[in-house]
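The values are calculated or read from the model by the stated rules, or taken from the named source; none is laboratory data. Since the model is a prediction, treat every value here as computed from it, not as a measurement. Note: ideal-geometry Cβ built from the backbone for every residue, glycine included; neighbour counts use all protein chains shown.
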Amino acid sequence: MVQVATRQDAPVTSRWVGFHVVFALVAVVVLLVPLADTGVRVLALVVGYNIALPIVARRTGDDDLWVTWAALAPMSVLMVLPDWFLSAVLGSIQFPNTGSPYIGTMPIFMAGMWTIALLPIMMIGRQVEAARSVVSGFVAVSVCGLLLFVAAEWFAPSIPLWEPLDVAQVAGVAVYVLLPELALCIATYALVRGVRNRPKIATIGGIVAIPFMYLGMLATSYQFLG
């Protein structure tokens, strides 16, 4: 397990910003040009991201970027389980067949999608924390995470990646997922920023535990808000 740096006295690099700007432009082009099924194109983007980002981090010497990805990548694979539960058991979400291979009811690209969603949020938190304070870092992660996931829930059906089914919605956004997604961002930031201060086995435990915490919160939130 690669350890995540928490040296907040050192300047936080911003190479990740340029990488994500380029990736966003590439993603727009790939999604707009119908050279293959949508699911195949999304899968190619997810695989490309998770190959290119660690290469860029290593070649530019951006240790923060590298270790944050190293913690998030295995967790992203486990994040398939909560979405699988929502689609196969609760029936509160549907993943249209867009041509991607599946794991149960899940398009396989979802195994890497969470890295793409969470990594920029974590890097924003690290940068804000380095510039201001620990509390500011967590506030930045909370605000940015909530905004990103609201946007993702709103845009996803139009691609289409997924869509909510028979649940309470506001402007097309499923209400019950928002609090669990906020908690997910906060817990993940606590995980990645504190790795050097805990035993490796504890970090591995956190990587495994967070997806199950998220699953439990989704089920509870669905019970009261779904």
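Side notes on the structure shown:
- Against the conditions (1) at pLDDT 90 or above; (2) surrounded by 15 or more Cβ atoms within 10 Å (Cβ to Cβ); (3) in contact with a strand residue (DSSP E or B) (Cβ under 8 Å, 6 or more places away or on another chain), residue 156 satisfies every one except (1).
- When the residues of segment 58-99 are filtered to those that are of a type in the set (S, T, N, Q) and more than 19 Å from the chain's Cα centre (by Cα), the one that is nearest to residue 168 (Cα to Cα) is 92.
- Residues of segment 44-61 classified as among the β-branched types (Val, Ile, Thr), farther than 14 Å from residue 18 by Cβ and either in contact with an Asp or Glu (Cβ under 8 Å, 6 or more places away or on another chain) or surrounded by 15 or more Cβ atoms within 10 Å (Cβ to Cβ) (or both), total: 1
- Enumeration of residues in segment 191-216 that are assigned to a helix (DSSP H, G or I), of a type in the set (Gly, Ala, Ser) and touching a residue at least 12 places away in the same chain (Cβ under 8 Å): 206
- Some residue of segment 130-139 being surrounded by 16 or more Cβ atoms within 10 Å (Cβ to Cβ), part of a helix (DSSP H, G or I) and under 15 Å from the mean Cα position of the chain (by Cα): no
- Taking the numbered list (1) aromatic (Phe, Trp, Tyr); (2) closer than 21 Å to residue 24 by Cα; (3) in contact (Cβ under 8 Å) with a residue 12 or more places away in the chain in turn, residue 155 passes all entries but (3).
- Residue list for segment 140-171, filter: among the charged types (D, E, K, R) and either closer than 28 Å to residue 193 by Cβ or in a loop (DSSP other than H, G, I, E, B) (or both): 153, 166
- If you go through segment 50-74 and pick out every residue that is in contact (Cβ under 8 Å) with a residue 60 or more places away in the chain and either touching a Lys or Arg at 6+ places or on another chain (Cβ under 8 Å) or under 20 Å from residue 127 (Cβ atoms) (or both), you end up with 8.
- Take the conditions (1) surrounded by 17 or more Cβ atoms within 10 Å (Cβ to Cβ); (2) farther than 24 Å from residue 19 by Cβ; (3) in contact (Cβ under 8 Å) with a residue 24 or more places away in the chain; residue 94 misses just one of them, which is (1).
- Qualifying residue in segment 183-192 (condition: surrounded by fewer than 18 Cβ atoms within 10 Å (Cβ to Cβ), more than 14 Å from the chain's Cα centre (by Cα) and more than 24 Å from residue 84 (Cβ to Cβ)): yes
- Take the conditions (1) of a type in the set (A, V, I, L, M, F, W, C); (2) over 14 Å from the mean Cα position of the chain (by Cα); (3) at negative phi; residue 171 misses just one of them, which is (3).
- Filter result (small (Gly, Ala, Ser) and closer than 23 Å to residue 32 by Cα) within segment 150-206: 151, 152, 156, 158, 172
- Check on residue 183, of a type in the set (A, V, I, L, M), more than 26 Å from residue 135 (Cα to Cα) and part of a helix (DSSP H, G or I): no
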